[in-house]
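Single-structure report; data block below.
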Amino acid sequence: MRNWISGLAAVAAAGLLSTAFILPGAAQDKEPINVAALYNLTSGGLSSLDAPSFNGMKLKAKMINDAGGILGGRKIEITAIDTKNDTRETATAAQRAVAIKGLVAGIGQSDSTFALAAAPLFQSAGIPFVTSGATSPDLPDMVGDQMFLVPFGDDVQAHAMAEYAYNTLGLRNVAIWTDNAMDYTTGLTRYFTERFTQLGGKVALEDVYMTTDQDFSALVSRLQSTTGVDAVFASSGPDTAGIIVKQIREAGITLPILAGDGFDTDLVLSVPGEALAKDVYFTTHAYAGIETGPAQEFRAAYQAEYNTAPENAFAALGYDAMGLVADAITRAGSTEPAAVSKALAETKAYEGVTGTVAFPEGKRVPNKPVAIIKVGGGKMNFETTVTPKG
Amino acid sequence: MTGAYLLSQIVNGLVLGAMYALIAIGFSMIYGIVRLINFAHGDIFAVGAFAALGSIAIAALPFPLAVLVVLLAGALVGLLVERAAFRPMRGAPQVTGFIASLAVAIILENLAVMTITAQPRTFAIPAWLGALVPLGSISVRVVDIAIIVLALVLTAALVGFVRFTRTGMAMRATAENYGVARLMGINIDRMIALAFAIGSALAAVAGLMWGAKYGQISPLMGTVPGLKAFVAAVIGGVGSISGAVLGGFVLGLAEVLFVGLLPSEFSAFRNAFVFAALILVLLVMPNGLIGKSTETRA
């Protein structure tokens, strides 16, 4: 029995050793550049943002590699770890990622709560973490100097929506629904209220719920019985985005629904259906409104690679995150995480698909334009681009 | 607050309660017969939602036929789970069955995540189900009325079956006393399997209703409603079918009125409220609203 087990162990060990020896030989002469991708790929509403982000990121890496790589022909190699819509899984994934030998940077996540679960582990390992879609402007202060944002902060998008609602749509009294279980949504509500009341608008009703809630009937009835409301600001993540629109519209409420980039998911169209998904306005990352070279090039490349148009702005954000990291590695001329992190912090003007990324004066959140999308006729229609004043 | 507002919240509560009631019946029936708290019950609810998605959206069956398919799918999964996980443990201590049910829940969830991923899916229903019907000072959707009616019809059919048929009598006998029922020539295994089949079929129909009402389903959707239905079963008195129905409606109403009548700051605490209610009921009325005090069975 003993012999049998040790024999098996020897075979297994031999197998392990041989793979360990074969790999460097197969990877030609130039060492790859290791980048980790942490996304919620299979679970929850967030996967409708994260999966396109990851596709965008892979696409950019492929394009860089096909063009001959960086740092004199070295190829980017992505190690992807599914974070399974679970913050504990995310922390474990970050632990596994920072243990990868020669890891240069981590990229990932579309939600601040999840970015906060992963980034501190990168911070303590001294490896930069670039989030493609998490938008809390406080993230760099909360995590430290290894945390970088590719998107604008929530303050920017909420202010943009407040200004658009007040000035363009002429709305004065809003009801606000907030998901109390997310950092993203509570922050969004705070920034929206701040700017909207500053402009002279009023919050007529504030209601709260949790991400796992599916029954909004009680909130809908309360909204229906509140008089003098011009619009609803739904501070929601993708999990509840479609359900909220469906339940509000089904009750016969036709008020405009306003939201942040958590609404940039196909669920907003498909769950309520074409007839009910209308008069919904949300802010998202400006690539829809940008018709310049990189954006067109991105659209065509995405279509060719995945046989579909980019699902939402998060695809473009993943693409930009990878591009930004590659740009920083090139500028640093090294794959040392510290040098890359320094180069990232010194980004002056990286021309991305979602606008120009610059980190002025030690701020690691870029100031980018905000696109306003109007849902109607079974489509997401680009309305305008706003750069908030306040 | 106006009368119409209160009325609309009551209707909201009744619709939610009807779905809790259907899930709670299964909890109660299975507990009544085998003294097993089946925590995989919420996942059978999710199976029902996906069976409904398959039969309505993919196979394009008419709605009444889809209900039938969902009932059958639920019963089938219930039978399978009973045969594979619980029958081999017959006679083992209660806690073994409880842990086995947790294992079944995890296996079902992970199987679903592996095969169809945990991404939320859109559940589209025929347009006539979404139409608004004016009802006095408020208006109600057809699907809401259908949920309440379907729940009441299924409950009435079940109560009739248990009370007035020979098989129903045999089931009651089995629930009352295992050993004596067997001595009377009742096939215990068949009765237990039947309880699983019926309970699971009803949970599956609740899954169909949930999908039809909220329009979005996912393989992990059963967890919270499953736990709440368990609370409903405890409130009504575990082991009693009419208790489960009553508990379901009471819980649905209480939950919605908690959100609807208190200031909106409290809306986020609805789940906390439900589980606080569970603790309170266990402290004050351990046998539930209409449960009988049950002697521990040898």
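Computed over the range B:3-54, the P(r) tail beyond 16 angstrom holds 56 percent of alpha carbon pairs. Among all stretches of chain B without exposed trypsin sites (Lys or Arg not before Pro) (DSSP loop, at most 15 other Cβ atoms within 10 Å), which one is longest? The longest such stretch corresponds to B:91-291.
Given DSSP loops and a limit of at most 10 other Cβ atoms within 10 Å, what is the longest stretch of chain A that contains no such trypsin sites (Lys or Arg not before Pro)? Mind dumping the intermediate values first?
Working: sites that count: A:LYS101, A:LYS348, A:LYS389.
Looking at chain A, A:102-347 is the longest stretch - no exposed trypsin sites (Lys or Arg not before Pro) with at most 10 other Cβ atoms within 10 Å.
For the range A:152-257, applying the loop criterion from DSSP together with a ceiling of 10 other beta carbons within 10 Å to the chymotrypsin sites (Phe, Trp or Tyr not before Pro) yields no site.
Give the percent of DSSP beta bridges with both residues in the protein assembly as shown that are antiparallel, rounded to the nearest 5. Numbers along the way, then the final one.
Values: 23 of 60 bridges.
The antiparallel fraction comes to roughly 40 percent.
If you take the accessible area of B alone, add that of A alone, and subtract the area of the pair, what total do you get in Å², probe 1.4 Å, to the nearest 100? If you can, show how the numbers build up before the last one.
Values: alone 14200 and 16190 Å², together 27840 Å².
That pair hides around 2500 Å² of surface in total.
With the charge dipole of the range A:47-90 set up from +1 on Lys and Arg Cβ and -1 on Asp and Glu Cβ about the Cα centre, the Cα lying farthest toward the positive end among the listed residues A:MET57, A:GLY73, A:THR90 is that of A:GLY73.
Can you tell me the mean projection area, over all orientations, of the convex hull of the range B:112-188's alpha carbons? Units nm², please. Intermediate results must be reported in sequence, preceding the final value.
Working: hull surface 40.5 nm².
Here the figure is 10.1 nm², rounded to one decimal.
Please report the base-10 log of the normalised intensity I(q)/I(0) for the range A:245-390, using a Debye sum with one equal scatterer per alpha carbon and no solvent, at each q in 0.12 (1/Å). Ignoring solvent entirely, the Cα scatterers give -0.59. Using just the C-alpha positions of the protein assembly as shown as equal point scatterers, what log10 of I(q)/I(0) does the Debye formula give at each q in 0.05, 0.06, 0.12 1/Å? So the normalised log intensities are -0.28, -0.40, -1.24. Largest GNM mean-square fluctuation among B:PHE98, B:PHE258, B:PHE269, using chain B with Cα springs under 10 Å: B:PHE269. The orientation-averaged shadow of the Cα convex hull for the range B:12-118, equal to a quarter of the hull surface, comes to 7.8 nm².
Which value in deg cm²/dmol, rounded to the nearest 500, describes the helix-derived mean residue ellipticity at 222 nm for the protein assembly as shown, given -39,500 (n - 2.57) per DSSP H run of n ≥ 4 and division by the residue count? The helix-only estimate for the protein assembly as shown comes to -18000 deg cm²/dmol at 222 nm.
Quick one: Kirkwood hydrodynamic radius for the range B:47-89, alpha-carbon pairs, angstrom, one decimal? Every distinct Cα pair counted, the radius reaches 10.9 Å. Evaluated at q = 0.12 Å⁻¹, the base-10 log of the normalised Debye intensity for the range B:10-220, with identical point scatterers placed on the Cα atoms, takes the values -0.64. For a straight C-alpha distance cut-off of 15 angstrom, the aspartates and glutamates reachable from A:LYS368 (same-chain residues fewer than eight places away being disregarded) are A:ASP154, A:ASP155, A:ASP261, A:ASP320, A:GLU351.
When the Cα positions of B:ASN177, B:MET209, B:VAL274 are compared along the charge dipole of the range B:170-298, B:ASN177 comes out farthest toward the positive end, with charges on each C-beta of Lys, Arg, Asp and Glu.
What dipole magnitude, in Debye to the nearest 20, does the protein assembly as shown give about its Cα centre under +1 on Lys/Arg Cβ and -1 on Asp/Glu Cβ? All intermediate terms of the calculation are to be shown ahead of the outcome.
Details: 45 positive and 50 negative charges, 419 e Å.
With only Lys, Arg, Asp and Glu charged at Cβ, the dipole is about 2020 debye.
Overall, the range A:47-180 carries a charge dipole of about 620 debye about its Cα centre when +1 sits on the Cβ of Lys and Arg and -1 on the Cβ of Asp and Glu, all other atoms neutral.
Return the FRET efficiency for the residue pair B:ALA57, A:LEU71: r is the Cβ-Cβ distance, R0 is 56 Å, and the value is rounded to the nearest 0.05.
Working: r = 50 Å, r/R0 = 0.89.
For R0 = 56 Å, the calculated efficiency reads 0.65.
Between A:ALA304, A:ALA160, A:ALA97, the residue with the greatest mean-square fluctuation in the GNM of chain A (Cα pairs under 10 Å linked by springs) is A:ALA304. Value of Rg to Rh for the range A:194-260, rounded to two decimals, is 0.95; Kirkwood radius and Rg both from alpha-carbon coordinates. Based on a Kirkwood Rh over C-alpha pairs, give the Stokes-Einstein translational diffusion coefficient of chain A at 20 °C and viscosity 1.002 mPa s in µm²/s. For the chosen part, D equals 98 µm²/s.
The values are calculated or read from the model by the stated rules, or taken from the named source; none is laboratory data. The structure presented is a predicted model; accordingly, all values stated were derived computationally and were not measured. Positions of Cβ are backbone-derived with ideal geometry, glycine not excepted, and every protein chain shown enters the neighbour counts. Surface accessibility is based on the protein's heavy atoms, side chains included, excluding ligands, DNA and RNA. Shrake-Rupley method; radii C 1.70, N 1.55, O 1.52, S 1.80 Å.
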